[in-house]
Amino acid sequence: MKKQIIDFILYLKVERNYALNTQQAYERDLNQLLDFLNTQQVSSWLSLNADTLNLFIMKLRHKNISPRSIRRYISSVRGLLAYLVNQGQLKHNCAAQLQTPKVAQTLPETLDYDQLLQLLKPQKATYFEHRDISIIEVIYSCGLRVSELVNLNVKDVDLSQGFLSVMGKGGKTRHTPLGSSAQKAIQKYLIGHQSSPLFVNKNGERIGVRSVQNMIKKRALAAGIKVNVHPHMLRHAAATHFLQSSHDLRSTQEFLGHASIKSTQVYTHLDFLELSKVYDKCHPRAKKR
């Protein structure tokens, strides 16, 4: 059973091009399931049934595992069993009918434009200051995930046409417009740049996700922004501002590189909240007497 999990994770990596974080999460989930099945004396995937899986899900609930995490566990199990069915090692997927818990929708945290300008305020004229400003400009301009940002190479930037080639989730490449402010920041940063990775650390190596997170957090604190700022808030801000300007959900989906429109629809709620604030402030019938 362990070998079949290893084969499945390899399949996700090689055939499906899943992100490393997703591979690791699926592997953790399935190994926990395997530990549970050992206590139930289930010795092969052929012996697995829906009742045993429901018992596993019940155990997770008793451990106060969040509904969102339980949904991922179920997705991991369904994926493995579907893989085994396709490989001819199982006749049916007994996880297909598992009920997934409802997850309360939480609106993403975002920044307003004034806070963004505070983050971009130059602190000192150094190479790494130019790098940091470029990073913030590119994430916001292109709505990038931080994992997409750190994997950019110099060749992915087309300053003459104002475009950026981005390798997104699932190994899919998208071409996104690069705003004029981001172009200027990159031009200034690339003066004297010698390496293939676009953004590098002090050792001249490709910058890591954690370094970008720490840099943005420090700049936010220095600017007096009183919320815990992380890179994904810049992506949320870009998406929200893009949708508020375009009122085009499909274009926003393409801009963000979302595979499903459902992932993009959360930004319509943010847009509605902003509209509600303006209404409450400006509409005569909304004003409190």
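Values in this text are rule-based calculations from the coordinates and carry no lab data. Computed from a predicted model, the values in this text were never measured in an experiment. Cβ coordinates were reconstructed from backbone atoms using ideal geometry, including for glycine residues, and neighbour counts include every protein chain displayed.
Packing order of peptides 3-9, 45-51, 78-84, highest average first: 78-84, 3-9, 45-51 (average count of other Cβ atoms within 10 Å over each peptide's residues). Under the criterion of Cα pairs below 8 Å and six or more residues apart, the relative contact order for the range 29-93 equals 32 percent. Projecting label points 7 angstrom from Cα along Cα→Cβ for Gln41 and Val14 puts them 3.7 nm apart. With contacts taken as Cα pairs under 8 Å and at least 6 residues apart, the range 65-221 reaches a relative contact order of 19 percent.
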